[in-house]
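Here is the structure we will look at.
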Amino acid sequence: MEGDSKPVPVVDAQSEGFWRATAEGRLAVQRCQDCGHFSHPPTTICNACHSVPPSLEFEPVSGRGTIGSWTVMRQAFLPGFAADLPFVLARVKVVEQEDVALIGRLVDGPTAAIELGAAVEVVFESLPGGAAVPAFRLVGARS
Amino acid sequence: MSGRFTGRNEVAIVGYAQSPIERHSRLTLGALTIETCLQAIADAGLQPEQIDGFTTGSILPAAGGHGSVDGVDIVTANWVAETLGTHARWLCGFQGYGQLPGSVILATEAILAGSADYVLLHRALSNPRRGYHQNPMTSAAGGAQWVAPQGFWGAPSGIAFSYNEYLQRSDATRDDMADVVVGLRANGAEIPWSYWHGQPITVEDYMSARMIADPVCILDCDIPIDGAAAFVLTSAERAADLPNAPVYVSGFAQGNPTAASLGMAWSLDDVREGSARTAEMLWEHTGLTRDDIDHPQLYDGFSPFIWYWLEALGYCGPGEAAQFLRDDSSKRLDILHSGGALGNGRMHGVPQMLECYLQLSGRAGPRQLDGKRVGLACHSSANFGGVVVYSAERF
Ligand SMILES: [Zn+2]
């Protein structure tokens, strides 16, 4: 029923490689094969070298990162998340390239001791239909 | 290559109107806007048929997937021109954020180029009845797929990231922010057209307000409203023949996008780097320095923007905005005097621009401050929006 379920990603030409990987439990980030620059969200032309024709492929990354910042969500702007309140969202900088960030839930929850720079690793939350959304968990020792 | 503005003080604001700011107007947004535009034209001493240029920035409210019917949910420049039925030589809407500085820039350049003699600039904001950021989407396409399946939606949640990072990396606290918001509401309470007229708040009200996305509470966010404002701009030469004291456009700057953004979940470093560039361009464009500005009106649609702008404009160093305000016990800058978005309602940069216009033209009535000659009106965050400098004199 509209409004009661969580949004599922609509796969498109730019995002197909990302969501195919997550469905298989892997994190992959779009990378320019000419200069090695990672981009997220995926782009249609490399922001670093602008090579044409673009040579952009999804490459596996470690799934490790650090917390750039976080918030505890207390209002569900998306009704499908109302039952999950309060929950933590983190902006995670991936270790492969610091300016590549993903937003994901921090599964440790709002009572966890969270700090800037804390190390996290990716986990996956399943959605109906076989899709999976990346989330993160604290790995303990600060990086 | 110089970044200096060759049209400095060649274009002026010559009239204005501001509608009442209400949760839900008795009028449709289109009717409210036309009423306000006609008042602004009359205020400038002009007739509607003399207006030959129209501009606005009409985006938002769209975050919640609301309708965007022209004349109902939004009001474009084209809609105003069509409805007034005047002969427009120049019609141009601004696309992007920092909508108000963006449309002031368009209007100024059109007048400088001779594309229009008298430009009507309006801003119309509506309050969707379903909740501004509320969105019942069950599938997330395009940019939304990178945030919504993860549970991230709404500008307040985005701002929470850079604001939390600010608190974590400095000695600033939510108690400091309470003083900012209480100050804005105190000033807004004095403004007759404000939604919050006669409704100041206390620090206790702020600290007990409902949390939205930590550390953002409901009182850190401007309240969605129905409202319209309009300004008339023309050349300095033509302005001399009109009834009101002109307020000149001295220069401006716009934020450039930084890295690919996930909603508004900027890193604090991205905010600072982008903001510093905006300020650098502003000083180069105007030929002024911070010390020349005696009425800076900082944007506050989300309260942390006040801190970001203080840093951007060089009033304090990184992380020192809260301390700066604590030390500024005389409130010599009057930075909150407009009441801002938090003290007026979600008018998107209008309170700051209107405050500059009213103070510099000497039309602020009981709210008039002494000795204000050069104002600065910000909109949105400094890394993202824009800023215009206004002057009471041509220099
Ligand atoms: Zn490249």
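Worth pointing out:
- Criterion applied to A:55, A:39, A:69 was being polar (S, T, N, Q) and away from the ligand (no atom under 16 Å from the Cβ), and the one residue passing it is A:69.
- Top-ranked residue in the range B:229-271 [being of a type in the set (Ser, Thr, Tyr) and closer than 27 Å to residue B:46 by Cα; ranked as nearest to the other protein chains (Cβ to nearest Cβ)]: B:250
- Residues satisfying the stated conditions in the range B:162-216, i.e. among the polar types (S, T, N, Q) and either free of Cβ contacts under 8 Å to residues at least 60 places away in the same chain or surrounded by fewer than 20 Cβ atoms within 10 Å (Cβ to Cβ) (or both): B:164, B:168, B:170, B:173, B:199, B:202, B:208
- Qualifying positions in the range A:72-123 - in a strand (DSSP E or B), buried (at least 19 other Cβ atoms within 10 Å of the Cβ) and more than 7 Å from chain B (Cβ to nearest Cβ): A:88, A:90, A:92, A:93, A:94, A:102, A:106, A:120, A:122
- Any hit, the range B:249-257, residues being out of contact with any Ser or Thr (no Cβ under 8 Å at 6 or more places or on another chain) and open to solvent by less than 10 Å² (accessible area, probe 1.4 Å): no
- Residue in the range B:278-297 that is crowded, with 24+ Cβ neighbours inside 10 Å, away from chain A (no Cβ under 14 Å) and at pLDDT below 95 present: no
- Candidate set: the range B:151-161, residues that are open to solvent by less than 10 Å² (accessible area, probe 1.4 Å) and within 7 Å of another protein chain (Cβ to nearest Cβ); chosen: the one nearest to residue A:70 (Cα to Cα): B:161
- In the range A:24-36, residue surrounded by the fewest Cβ atoms within 10 Å (Cβ to Cβ) [restricted to those that are more than 8 Å from the ligand (Cβ to nearest atom) and of a type in the set (A, V, I, L, M, F, W, C)]: A:28
- Exclusive hit being open to solvent by less than 60 Å² (accessible area, probe 1.4 Å), more than 9 Å from chain B (Cβ to nearest Cβ) and modelled with pLDDT of 95 or more, set A:17, A:68: A:17
The values are calculated or read from the model by the stated rules, or taken from the named source; none is laboratory data. None of the values given here were measured: they were computed from a predicted structure. Using ideal geometry, Cβ is built from the backbone for each residue, glycine included, and neighbour counts are taken over all protein chains shown. SASA here: full protein model, heavy atoms, side chains in, ligands and nucleic acids out. Shrake-Rupley method; radii C 1.70, N 1.55, O 1.52, S 1.80 Å.
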